[in-house]
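The values are calculated or read from the model by the stated rules, or taken from the named source; none is laboratory data. All figures in this text were calculated on a predicted structure; none of them were measured in a lab. Every residue, glycine among them, receives a Cβ derived from its backbone with ideal geometry; neighbour counts consider all protein chains shown. To get the accessible areas, we keep the full protein, side chains included, count just its heavy atoms, and leave off ligands, DNA and RNA. Shrake-Rupley method; radii C 1.70, N 1.55, O 1.52, S 1.80 Å.
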Amino acid sequence: MRALLAALLALALLAPGAHAAPARMLVTADEWMLLASRQSVKEGRLQIQLYNRGEDAHDIAARRVDRLRRRVGRTFRIREARPGELAEATWRLRSGKYRLWCTLRGHESAGMRAGLRVR
Ligand SMILES: [Cu+2]
């Protein structure tokens, strides 16, 4: 019984919500790639920073992808960052696979994309 209570308490502490500190992640952008500091984060709040070390402006959008790799659900965004600039946002993500990409014309197809798994 004591072990069960301990397990339930541990689950409550791990549950995403107001008590959990947000996960943090840095995405470095340049021509033509997005380099993410992590490939996997916990469900819930994510503090995400975009550092533009390139020579053009870049931004980030993210959407969940389904089994057929179609983008579904809402789009999360970080505003455009000029070269040398840091931009950030806090997203609340539920579990799934996500695609991140730069929305400037031609940037995604040039390689500015990354995957993220939310558990
Ligand atoms: Cu870009």
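Surface exposure of the stretch 36-119, expressed per residue as accessible area with a 1.4 Å probe, stands at 61 Å².
Neighbours of Arg79, meaning other residues whose beta-carbon lies under 13 angstrom from its beta-carbon, give a summed charge of -2 when Lys and Arg score +1 and Asp and Glu score -1. Close amide H contacts of Val65 (hydrogens built in the peptide plane, cut-off under 5 Å, sequence separation of 5 or more or a different chain): Val72, Lys97, Tyr98, Arg99. A cut-off under 12 angstrom between Cβ atoms defines the neighbours of Arg92, and their net charge, with Lys, Arg +1 and Asp, Glu -1, is +3. Ordered by 1.4 Å accessible area with all protein chains kept, Met25, Met33 run largest first as Met33, Met25.
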